[in-house]
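Read-outs throughout are calculated quantities, based only on the coordinates presented, and are distinct from any laboratory measurement. This one's a predicted model, so the numbers in the text were calculated from it and none came from an experiment. No Cβ is skipped: glycine too gets one built from the backbone with ideal geometry, and neighbour counts run over all protein chains shown.
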Amino acid sequence: MVYEILNQNDLCEYYDFNANPGITQKIKVRADKFSFLDDAQIVQKLIQFTDGKQTHASYYLPQMHCSSCLWLLENLHRINAGVVSSRVNFARKEVFVVFDNDKTTFRKVVETLTAIGYEPHISLQDMGNVKPSSYNRTRLLKIGIAGFCFANIMMMSLPEYFAIGSYMQEKIGTAFRYINLLLALPVFFYCATEFFVSAWKGLQNRFLNIDAPIALAVLITFGRSLYEMFALDNAGYFDSMSGIVFFMLVGRWAQDKTQRAIAFDRDFKSFFPIAVNVQKGNGFVPTLIENLKENDIVEVYNNELIPADAILSKGKAEIDYSFVSGESIPVVKEVGEIIYAGGKQLGEKLELIVIKKVSQSYLTNLWNKDVFKEEKKEAGFLHSLSNYFTIIVFIISAVAAIYWLSKGDVTTMWNALTTILIIACPCALLLSSTFTNGNVLRILSKNKFYLRHPNVIGDMAGINHIVFDKTGTLTQSNKLEGQYAGTTISKKNKILLASLLSQSTHPLSKAVFQYLDVQQTVPVAHFKNIPGKGVEGWIDETYIKAGSKNFIEATQNSTDEKSGSVVSVKIDHQIIGEFRISNSYRLGLEEVINSLRDDYTLSVLSGDNDAEATNLKKILKGDTEMLFNRSPEEKLEYIKYLREVKNLNVMMIGDGLNDAGALKQSNVGLALAEENNNFTPASDGIFQSSRFGSLHRFLQFAKAGRNIIMASFIVSIVYNIIGLYFAVQGLLAPVIAAILMPASSISIILLTYGMSEWKARSIGLKT
């Protein structure tokens, strides 16, 4: 029978699912059902970004519940050619979709999702990021009906269970059988519909999801009961069928509730502990990004990310949307135009009026954009295993049924067939990784350490070499002191220089700006920031340049660079002097180095001069390699050398400004964040400077997370093997199997949660 189902539905080639995840859409969607999505104003409120070529949007899919759902949705581009990429947030039941405006529309994507069984919930609530509860209410109603019918069927079956005499058997027992049938009908035709609909839509799209064996088990039990009742004059197994549906619904509801209770939402607030300057009275005050409100006026500096959709009110915007759309050519925006969140300002400082609250999940997805192009080996392995497991379940159930039928034991045959189909759910395999990584990310985020993707946890666990940037990483960017040497700077030139430096977020620029102590700045034209070198621009007709000696081309009046980092200044092609910046090392730096030295080799890679070499040697000790005066390109090549020549697994820690290439080239790139928005998409994670002293704990916890995944994965495998061992022998009742199946998923969730919580506390991390 299983072979016939597979053959008739052309599913014999299911093992090629990676090449053929979905080809046809045979489920018709009512033509006018989503006609309201043709209204541009409505769609504008639902989407998160568009540049006229591509559109980004998130869809809430309450039907999502297992690994097969995740796999199908992440292959949405094979079903709708207009979809560029899709990424699933399993915990939030959301899919983030990027689609080509020339090939499809927001409405067509919704229709595609509906056709494959995942109709998005779209209402005015979505515009405020409020998740609906209607789906949960429907499930609770089904649980109530199934529970009522199951309990009464059990009660009505007492005469059959205890065989209370011939009169009861023949008279009252017969009446009870028909009552049981009536009670079973709403369970089968209403309560179990989500399993049937999900399985059928999967088959229509040549996809065998996890609901297929469950639906088949319910169908077989119901059909068997009808045969027993009308052909053999027996009571049948309506109690088992109702119990299967009831406990499966309860288990799925409990799983969803557990997911919500053990929340590890990776939203914007979790990942970006950064602030922007918001206008308060006559000045601008640093404000956490999650506290931004509509109509707030914010400042955005050079190389900073646009935190929210806003209208440009002051300045000339040159927005790099490569982080969002992949387009490398900057987009010029004039005053009054909308600038979408996620773009990076390349020019002068801007003032923006916020028109939409910070879209938390959206900016998280932007950070994850590069992951679309990466092979997620761990996730791919688990998804493959889960889907192959469904095929294996069908094969095992068929073999067991044939075996017991050949023995002439029909009762055991039916028990084995149905229990195997129910109990062997591969959901726990996926959850072993998903929930472990999810809770690890949650605990790390509570400790101000934020990773862009769960796979980074495994990468961190394999690190054996750590490279530190110096300025802004080993030193405190907010505690730099400056001294000036050169010709006297006039009041006018102070204002001009301060205005130029105010556009930059580099620690040395900020230190010189503070030293100048200028209260009011003026607009800068043609501002340019050259990474690793300096800044330049025009104010009225005056040309100003500030940065390294090589950048300024200083040839005289220079001080000894051994005394500290130097920022040279040129105004109207004349060198006026230099600012000597002295460094203040981070508190606890020596303790951090000592805790890392036993397990990792270390090196320092800096774009500054070697003025601090002597002091660093005292702190770093040992044979730590220190390289100075390195350009961004040279930093990248050094990381490449460590990985390819020395065959090391490298972690690079920088300030996220001039280290983008090196961060990207390393196995794990971490950006150290102060209270500003200078985050770079090249990093794999960011953490607050205040948590620098806990770096060794974060690395230790990452290793623990990898071990927990392996342990929970083994537990889930053993769980399924033991269940199958008893199921093939017909030793499990279908109702018991229906209880054990969701119980396995819940137990994995609780196991991973408990182990990760215990480990975090044992090494001194907040939970």
Report summary line: In this structure, the FRET efficiency calculated for GLN41 and ARG137 from their beta-carbon separation, with R0 = 22 Å, to the nearest 0.05, is 0.15
Query raised in the report: Under 5 Å between amide H atoms, partner at least 5 residues away or on a different chain: which partners does TYR543 have, H built in plane at 1.01 Å?
Result: ASP572
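Between ILE329 and ASP409, what FRET efficiency follows from the Cβ-Cβ distance if R0 is 51 Å, with the result rounded to 0.05? Can you show the working numbers first?
Values: r = 72 Å, r/R0 = 1.42.
Given R0 = 51 Å and the Cβ-Cβ separation, E is 0.10.
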**Report entry** Karplus 3J(HN,Hα) series, Hz, for segment 348-356 with 6.51 cos²θ - 1.76 cosθ + 1.60 (x for Gly, Pro)
**Finding:** 6, 5, 10, 10, 10, 9, 5, 10, 8
Report summary line: Output row, site SER313, 7 Å Cα→C-beta label point, backbone N cut-off 16 Å, window segment 275-294, residues 276-287, 292-294
**Report entry** Pairwise label distance in nanometres, LYS103 with ASN629, each label 7 Å out on the Cα-Cβ vector
**Finding:** 5.1 nm
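Find the relative contact order for segment 481-582 and round it to a whole percent, using C-alpha pairs within less than 8 Å whose residues are 6+ positions apart. Present the calculation step by step, with values, prior to reporting the outcome.
Details: 181 pairs, mean separation 30.2, N = 102.
Once normalised by length, the contact order is 30 percent.
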Query raised in the report: Could you give the nm distance between label points at SER584 and ILE353, where each point is 7 Å from its Cα heading toward the beta carbon?
Result: 3.9 nm
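Tell me, what is the FRET efficiency for ALA175 and TYR725 to the nearest 0.05, using R0 = 51 angstrom and their Cβ-Cβ distance as r? Intermediate results must be reported in sequence, preceding the final value.
Working: r = 40 Å, r/R0 = 0.79.
Here the calculated transfer efficiency is 0.80.
Over 24 Å between C-alpha atoms is what I'm after, so list which of LYS93/LYS357; LYS470/LYS510; LYS316/LYS549; LYS510/LYS549; LYS528/LYS635 land there.
Where the Cα-Cα span goes over 24 Å, the pairs concerned are LYS316/LYS549.
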**Report entry** Karplus-derived 3J(HN,Hα), 6.51/-1.76/1.60, for each residue of segment 197-204, Hz, glycine and proline x
**Finding:** 5, 4, 5, 5, 5, x, 5, 4
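Could you give the length gained on full extension between GLN519 and MET710, defined as 0.36 nm per residue of separation minus the Cα-Cα distance, in nm?
Working: separation 191, 0.36 × 191 = 68.76 nm, distance 5.74 nm.
Between GLN519 and MET710, full extension yields 63.0 nm more.
What does the net charge come to around SER504 if you take all other residues with beta carbon closer than 11 Å to its beta carbon, with K and R at +1 and D and E at -1?
Details: positive: LYS349, LYS510, LYS528; negative: GLU304, GLU348, GLU536.
The answer is 0.
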